[in-house]
Each structure stands twice: as structure tokens, then as C-alpha cells.
Amino acid sequence: MSSRPRVLSGIRPTGESFQLGNYVGAVRHWAAMQDENDCFFFLADLHALTETPEPAKLRGRTRQAVAELLAMGVDPVRSTVFAQSHVAEHPELAWVLGCLTGFGEASRMTQFKEKGGGSVGLFYYPVLQAADILIYQANAVPIGEDQRQHLELTRDLAQRFNARYGDTFVLPAAYEGRAGERIKDLQDPTRKMSKSIGGTGTIWVLDDPKTVTKKVRSAVTDTGREVRVADDKPGITNLLTILSVCTGKAVPELEDAYAGKGYGDFKADVAEAVVELFAPVRERYAGFIDDPAELDRVLAAGAARAREVAVRTMTTVRERVGLLAPT
Ligand code: TYM
């Protein structure tokens, strides 16, 4: 088992549910990697705190998020599924790594810059993410393109630690699937679809078919009538990406298929494809969410497995940096 590459990734339990972009950019790859890899997937509830959600909402949403992951094909038997806050070594390692992170370096992270500042927690976000990854000695991290900068910081910190204290951390590589699969907001296709923006531009994994259809039909399109990828057609380009992901057909093939047809037919097909993609997910979700005790058992077993690895790494780290061992 330990000879398989270690894969790790996380997702924040925020928003109403996960959204199409989370599935396309991350979770579908998680599900596909489980046979060949030793996988660790977690709910980044500590990272979710940077949005200071309602306490009851965060708690409920975290459990719901487990059911969603299972419904999307994450298998808690083959993979270690847990909540970040159940493994206290994550923030512990984050502190150590933070002491190796330059203030300017952290200030340059776009997520922090885009939000125009905010809490110290938001500033520290990428350092905690680096700890999440390094503590499991992960080889590969399946993430969407928006997380690439955080992975670069993670590699920099691993190298810095290794150079200063001796070889300790594996250098992780990003895994981004096929290029260009960043899903954009349906109402504003110049920005990514996101849990924190929500609204009619976001397709939730658990949206009912009617809602999905309505959102796709009212998606912002561009001037002209041609269904093709172009820089000045971000709306149509985004819908083509979505249709390609849902159907497994290449974009040029779809462009040919819609030559001479209008936006109306095209949008109807996109809506149908998304509905079909998530229909089995919604069905399985309904089964999982009905049994909260089982979801808690999944998290407990996952945390126990995760802790074994995390404690081992942290013991080495404590020793390497010179913290006196308690007697
Ligand atoms: P989060 O919850 O924002 O997103 C989870 C995953 O979904 C991807 N993603 C997208 N991919 C394509 N198109 C989109 N519109 C889109 N929106 C989101 C994200 O790239 C991500 O892979 N910081 C992480 C959570 C995290 C983490 C980690 C990830 C915490 N620690 C350690 C990997 C390893 C995040 O923002 O997730």
C-alpha cells in the first residue's frame, strides 16, 4: 500500500454545496485516482473559518460535504477522508512553516491580494495549505488551476525547510487534469465559478434539474451567433468547456456539431448534459445524508488514519527544528 504514490487534496465546506467547478477542477480527478494511489482527501474546515461562517452552518455543511464527496465517487474504504480540524498537527506544522515564510512572499499570494487584505487568518491561509500537503508527504495534489500559486509556495517552503534542517519533506507536484478546465461564472464569465460568489452564475452540485436549466438558459452569452471558442466569447467558451467535460467530447468536435445552429439549441444541450452529470450524484447524496452517524464514522476512521501519518511527520519536524521533547 505504501508503495503507491501519495495523493492529497482538500476542499472547503462553504457555499450551499460544492459547485460545478469544484467537480470539474478537482473532485472528479480525486475519484479517478483512488485505485492507483494512496489518497488523502479532507474538508478544509479551518480554511473555511477565514469566511467566519455561522457556527451551526459550518458544522452542518461539513457533514453535508462528506455526503457530497461520497456521492461524487470518493470512497472512504480506498481513501482516507477526514476533517482538517480533527488533525491538530496541521496548524502545528503551519506555525513552523510560517516562521520560514517571508512577509512579502505571503503578501504576494493573489487570493489575499484579490480580497484586498482581511484577517491574519486569510494572510496565513497559504501557509496552512502548505502544511496540509507536506505533513502527508504527498507526491501529487489534484487541484484546479486557481490553486497553482499555493502549490508553488508549498514547494518553496519544503525546499527551504529541507535545505535548512535536512531532507524532511517530499516535494509535491500539481495535478491539474487537462488544460483549460477552469469553469467560469455563468453570469460573469471573466471570473471563476465560486462557492463564495454563488447566485445564478453558480451551478451547485445539488441543484435540481429545473434550477440547472434555468441557470444555463440565462447564462450570459456573447454577441454573434456562432458556437465557438474565442477570446471575445468568454460566455460561449465557458459553456463549450462545460459541455465537453460533461459529454467527454472534444471542443472542436462540439464546435462542428453546432455550426449553423443558434445559442438556444446549444444551451438546451448544455443544461441537459449538466443535469445528467449530476443526477446520479443527487440520488446517491440523498442516501448518504440520511445517515449522519455513518458520516461521522467515516470522519472518525479517516482522522485516525490521517493522524498516524501526521504525528509521524510532526515528530520528525519537532526534532529537526530543535523543540525540546516533552518527557
Ligand atoms: P476550494 O474549496 O475553493 O476549491 C476546491 C477545489 O476546486 C477547485 N475549483 C475549481 N476548478 C475549476 N474551476 C473552478 N471554477 C473552480 N473553483 C474551485 C479548486 O482549484 C480546488 O482544487 N485552498 C483550497 C482548499 C485546500 C487545499 C489544501 C487544496 C486547503 N488545503 C491542500 C489542496 C491541498 C481551496 O480553495 O479549495
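The values are calculated or read from the model by the stated rules, or taken from the named source; none is laboratory data. Keep in mind that what you see is a predicted model, and the values were worked out from it rather than measured. All Cβ positions, even for glycine, are placed from backbone atoms using ideal geometry, and neighbour counts span all protein chains on display.
Overview of values
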| quantity | calculated |
| --- | --- |
| Test result for Leu151, free of Cβ contacts under 8 Å to residues at least 24 places away in the same chain, under 28 Å from Ala32 (Cα atoms) and surrounded by 14 or more Cβ atoms within 10 Å (Cβ to Cβ) | yes |
| Close pairs (6 angstrom Cβ cut-off, 6 or more residues apart or separate chains): closer than 18 Å to Glu176 by Cα and part of a strand (DSSP E or B) in the stretch 3-23, more than 6 Å from the ligand (Cβ to nearest atom) and charged (D, E, K, R) anywhere | Arg6/Asp38; Gln19/Lys195 |
| Number of the condition not met by Arg6 [criteria: (1) of a type outside the set (Gly, Ala, Ser); (2) modelled with pLDDT under 95; (3) within 27 Å of Val170 (Cα to Cα)] | (2) |
| Residue within the stretch 83-104 that is over 27 Å from Asn238 (Cα atoms), in contact (Cβ under 8 Å) with a residue 40 or more places away in the chain and assigned to a strand (DSSP E or B) present | yes |
| Residue in the stretch 70-91 that is of a type in the set (Phe, Trp, Tyr), more than 9 Å from the ligand (Cβ to nearest atom) and within 15 Å of Leu299 (Cβ to Cβ) present | yes |
| Residue in the stretch 54-61 that is assigned to a helix (DSSP H, G or I) and within 12 Å of the ligand (Cβ to nearest atom) present | yes |
| Residue that is farthest from Ala268 (Cα to Cα) [pool: residues in the stretch 190-225 that are within 11 Å of the ligand (Cβ to nearest atom) and in contact with a Ser or Thr (Cβ under 8 Å, 6 or more places away or on another chain)] | Ser196 |
| Every residue from the stretch 85-97 that is within 20 Å of Asn162 (Cβ to Cβ) and surrounded by fewer than 18 Cβ atoms within 10 Å (Cβ to Cβ) | Glu92, Trp95 |
| Hits in the stretch 154-173 - residues which are in a helix (DSSP H, G or I) and surrounded by 15 or more Cβ atoms within 10 Å (Cβ to Cβ) | Thr154, Arg155, Asp156, Leu157, Ala158, Arg160, Phe161, Asn162, Tyr165 |
| Any pair with Cβ under 7 angstrom, 6 or more apart, that starts in the stretch 184-211 at a residue that is assigned to a loop (DSSP other than H, G, I, E, B) and ends at one that is acidic (Asp, Glu) and exposed (fewer than 15 other Cβ atoms within 10 Å of the Cβ) | Gly198/Glu16 |
| Tally, over the stretch 29-40, of residues that are free of Cβ contacts under 8 Å to residues at least 60 places away in the same chain and either within 7 Å of the ligand (Cβ to nearest atom) or in a helix (DSSP H, G or I) (or both) | 2 |
| Boolean, Tyr136 is within 12 Å of the ligand (Cβ to nearest atom), part of a helix (DSSP H, G or I), modelled with pLDDT of 95 or more and among the aromatic types (Phe, Trp, Tyr) | no |
| Filter pass, Ala67 being within 24 Å of Arg148 (Cα to Cα) and assigned to a helix (DSSP H, G or I) | no |
| Answer residue from the stretch 139-170, given it is aromatic (Phe, Trp, Tyr) and touching a Leu at 6+ places or on another chain (Cβ under 7 Å) and is nearest to the ligand (Cβ to nearest atom) among those | Phe169 |
| Identity of the residue in the stretch 53-69, crowded, with 22+ Cβ neighbours inside 10 Å and hydrophobic (A, V, I, L, M, F, W, C), that ends up farthest from Met314 (Cα to Cα) | Ala67 |
| Members of the stretch 295-321 found to be crowded, with 16+ Cβ neighbours inside 10 Å, over 17 Å from Ile133 (Cβ atoms) and out of contact with any Ser or Thr (no Cβ under 7 Å at 6 or more places or on another chain), listed by number | Leu295, Val298, Leu299, Ala303, Arg318 |
